[in-house]
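Please read the structure below before turning to the comments.
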Amino acid sequence: MTQQVATQTVTRTRGVERVLGGQFVMDGAGVKINRVLTQPLQRRLDPFLMLDAFGSDKAGDYIAGFPEHPHRGFETVTYMLTGRMRHRDSAGNEGLVTNGGVQWMTAGRGVIHSEMPEQEEGLMEGFQLWLNLPAKDKMSAPWYRDIPNEEVPRFALPSGATVQVIAGSSHGVAGAVQRDGTEPLYLDIDLPEGATFEQPLPAGHNAFLYVFRGEAVVEGKGVPQARMAILDNAQGADGVRIKAATATRLLLIAGRPLNEPIAQYGPFVMNTQAEVFQAVEDFRAGRFAAA
Ligand code: FE
């Protein structure tokens, strides 16, 4: 889906507050992951709770997958660059997220699902983002959508930039998913060497980028491959200007902070400890399966 563009410019860019490398973790039944957005950053990057990057051509790093497990209180967004992952959940949904496809799942009051590789060799590369839900929506009905790559809206600019708009909107192109409340922007930006890309951002929104090919430069600061840059919320900045030092591909993610308490225990993210205990109890009592 290539769309008509209304070019947007930025007068004053945000800068880079911090560059971070993430943390290697094992999750699921033994999947090797780079946790780019870790728990200590949840407050700073509100409404985002987690960003995992996975990428390996060694089956042993991913083959165990993520067998049945629960979620409550937030949304998961899986973006599969390369590979095949089968999803099944307790709400009766099933889908295959594959080569460039996105899966958006709102866990709401509770989902039990599995995410299992449907390949025994070759490269599997992608991302999973956790987006918080406002308190008023944490116990909403689960929701789910598979968006194959050809249905992700995209556009190209004269600079050579090509952009896929997973959520929010960019240069007049509306993304695959829109959300009130958190107003997430989720872009996959591909830049040839030397190209510049500008994206307006509301001043109060928290924003970060993750470079997965090449090296990006923001206000003179380099962000190398496999690094995340938290963008500052400088007063007077109206967006971000990103330059590619070499051929570069990155995610740009931004959203409106909820400014609500965050209580997390593993796959349950609520506002209070009592709500988290309730989630554990509901899961143990089998009340998620009927969600
Ligand atoms: Fe999951």
Using R₀ = 45 Å, calculate the FRET efficiency as 1/(1 + (r/R₀)^6) where r is the Cβ-Cβ separation of ALA174 and ARG284; round to 0.05.
-> 0.65
For the range 1-67 versus the range 255-291, the gap between their alpha-carbon centres in whole angstrom = 22 Å
How many Å³ per residue does the convex hull of the Cα positions in the range 105-163 occupy?
-> 148 Å³
Other-chain or far-sequence residues with amide H under 5 Å of ARG84's (modelled H) = GLU118
Indicate, rounded to the nearest 5 percent, the antiparallel portion of the DSSP beta bridges found entirely in the chain.
-> 95 percent
Placing each pseudo-label 7 Å from Cα in the direction of the beta carbon, THR246 and LYS136 end up separated by a distance in nanometres of 4.9 nm
Once Rh is set to the Kirkwood radius over Cα pairs, what Stokes-Einstein translational diffusion coefficient, in µm²/s, holds for the range 174-291 at a temperature of 10 °C and a viscosity of 1.306 mPa s?
-> 96 µm²/s
Note on the range 1-62: alpha-carbon gyration tensor, axes a ≥ b ≥ c; rule is a/c under 1.5 for rounded, else prolate if a/b larger than b/c, else oblate; result oblate
Once the Cα atoms of helix 273-284 and of the chain are each reduced to a long axis, what angle between those two axes, in degrees from 0 to 90 to the nearest 10, is obtained?
-> 60 degrees
Taking only the C-alpha atoms, wrap a convex hull around the range 148-204 and report its volume per residue in Å³ as a whole number.
-> 88 Å³
Between the residues ALA234, ALA29, ALA135, the Cα farthest towards the positive end of the dipole of the chain, that dipole coming from +1 and -1 charges on the beta-carbon of Lys, Arg, Asp and Glu, is from ALA234
Regarding the range 23-91, what whole-number volume in Å³ per residue does the convex hull of its Cα atoms give?
-> 108 Å³
Pulled fully out, how much extra length does the chain show between THR196 and THR11, if you take 0.36 nm times their separation in residues and subtract their Cα-Cα distance?
-> 65.2 nm
Identify all lysines with a Cα-Cα distance to LYS243 below 20 Å; exclude those on the same chain that are fewer than 8 residues away in sequence.
-> LYS221
Express the accessible area of the chain per residue in Å², computed with a 1.4 Å probe while the remaining protein chains stay in the model.
-> 42 Å²
Can you pull the percent of the range 2-290's accessible area that's carbon plus sulfur, 1.4 Å probe, other chains left in place?
-> 49 percent
Using the per-residue mean of other Cβ atoms lying within 10 Å as a proxy for protection, in what order, highest first, do the peptides 264-274, 62-72 fall?
-> 62-72, 264-274
So what's Rg/Rh here for the chain, counting alpha carbon atoms and using the Kirkwood radius for Rh?
-> 0.95
Scattering profile of the range 195-245 from the Debye formula, Cα beads only, expressed as log10 I(q)/I(0) at q = 0.30 Å⁻¹, is -1.25
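The values are calculated or read from the model by the stated rules, or taken from the named source; none is laboratory data. Bear in mind that the values here come from a model prediction, so they are computed numbers and not experimental data. Don't worry about glycine lacking a Cβ; one is built from the backbone with ideal geometry, like all the others, and counts go over all protein chains shown. Protein only, heavy atoms only, side chains kept; ligands, DNA and RNA dropped before computing areas. Shrake-Rupley method; radii C 1.70, N 1.55, O 1.52, S 1.80 Å.
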